[in-house]
Each structure stands twice: as C-alpha cells, then as structure tokens.
Amino acid sequence: MTLLTTWPESGPETVVRRTSDPAEIAAALAPIGVRYERWPVREDVPADAVGDAVLTAYRAEIDRLTSAEGFATVDVVALHPGDDPGFAETAKVARAKFLEEHTHDDDDEVRFFVAGSGIFYLHVGGEVHAVLCERGDLLGVPKGTTHWFDMGTRPAFTAIRFFHEEDGWIGTFTGSGLSHRFPDFDTITAEHAA
C-alpha cells in the first residue's frame, strides 16, 4: 500500500506526517508542486511485463498525459529478480545511481508504477517526504526539486517513465549526504508491512 512519511530535514527522529490515504498524499504533496495520482491497474499485465506490452496496455493514460504535458519520450524501465546470476550486481549498481540526493535541471521526473514499488524521497522546504510508490501510483517530481530514489536491495518493479527532453535522465548531484540519514526502502517497507 502506498505510504507518505514526512520528517524534518534534521532527521527521522520526529514523524511530521504518515498516511496511506491517496487523497491525503495528493493534498500533502500538491503545495510543493509534486503530482500524485492513482491510475487504473491493468490486471492483464504481468508483473514482469516490459516494453511494448506495458506501453500498449496503458496507451490511453500515456496519450492523455503526453498530450497534456508535452512529453517527448516515454519508455519502460524494469528490474525483477529472476534466474540471472548477475542480477544482484546489476541491482546494486542501479540502486547506487539513484540513492544520492540530486536534482534535474531540465526535466521533471515522472513515473508510473506498473508493478512493484520504490520510494521517492523529496527534500523540500525543510522537510523530507518519503513517498512509497506501488502498483497504480503516478508521481511527478518537478524539475529543480531535490530528491533521491531507493528501489531496495532486491529491486522488483516496472515503471513507465515520461521525459520532456530527448536526453532522458540527467541528474545533478548535491553531495549533501542527506540521503544516508533517513530510513531506506528496506526499512520503511518492513515497518509498513508489520
């Protein structure tokens, strides 16, 4: 289940907000310019579906958002454990790329979770908002927003990515080290499941 947890930027000792209600999540994120929506879930799309199968299944939603927002590129990214003996190393490298606090100077970061989950951490206005996104969640992080993303030590997700720029994902890292002071994906999901 989707979850929003907000702490002061000083650290996670104090919880400012914790909710799994989609309306409350959208209302809490809207003032900082972050879009949160729930899209219908296509039950006929397998959790490990990739590429064209995913894009075809969600074509109506993709076309609506692309038309409204002027996205130039839409693709699918997926990481799922399987029989690949190199998965652990692939997952470790992929996770490390996004774990450091960064911004995007030229584009929003918009993701729709087709399957699985991941956490976007948004560092805005003296607070850190951890948004645990799961199947059916769309999150839009405006360009210039300081954030990081954690997919956990054993990633399992499929997401549709939307870009205004043809170049795709380009991050500018802050070097703050802030991301290491807050609970990670594994910790938050374990607490949420308990």
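Here are the numbers:
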{"item": "Residues within the range 28-60 that are exposed (fewer than 13 other Cβ atoms within 10 Å of the Cβ), at pLDDT 95 or above and either closer than 21 Å to V124 by Cα or touching a helix residue (DSSP H, G or I) at 6+ places or on another chain (Cβ under 9 Å) (or both), tallied", "result": "2"}
{"item": "Subset of the range 70-90 (residues that are in contact with a strand residue (DSSP E or B) (Cβ under 7 Å, 6 or more places away or on another chain) and not β-branched (V, I, T))", "result": "F71, A72, D75, A78, L79"}
{"item": "Residues within the range 158-192 that are farther than 25 Å from D106 by Cβ and touching a Phe, Trp or Tyr at 6+ places or on another chain (Cβ under 8 Å), tallied", "result": "2"}
{"item": "Odd one out for W7 among (1) at pLDDT 95 or above; (2) touching a helix residue (DSSP H, G or I) at 6+ places or on another chain (Cβ under 6 Å)", "result": "(2)"}
{"item": "Yes/no for E109 being surrounded by fewer than 18 Cβ atoms within 10 Å (Cβ to Cβ) and modelled with pLDDT under 95", "result": "no"}
{"item": "Options A49, A23; residue that is of a type in the set (A, V, I, L, M) and free of Cβ contacts under 8 Å to residues at least 40 places away in the same chain", "result": "A23"}
{"item": "Unique residue being in contact with an Asp or Glu (Cβ under 7 Å, 6 or more places away or on another chain), surrounded by 12 or more Cβ atoms within 10 Å (Cβ to Cβ) and among the polar types (S, T, N, Q) when the list is T66, T73, T103", "result": "T73"}
{"item": "Members of the range 147-189 that are assigned to a loop (DSSP other than H, G, I, E, B), of a type in the set (G, A, S) and more than 23 Å from T66 (Cβ to Cβ)", "result": "G152, A156, G175, S176, G177"}
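The values are calculated or read from the model by the stated rules, or taken from the named source; none is laboratory data. This one's a predicted model, so the numbers in the text were calculated from it and none came from an experiment. Backbone-built Cβ (ideal geometry, glycine too); neighbour counts: all protein chains shown.
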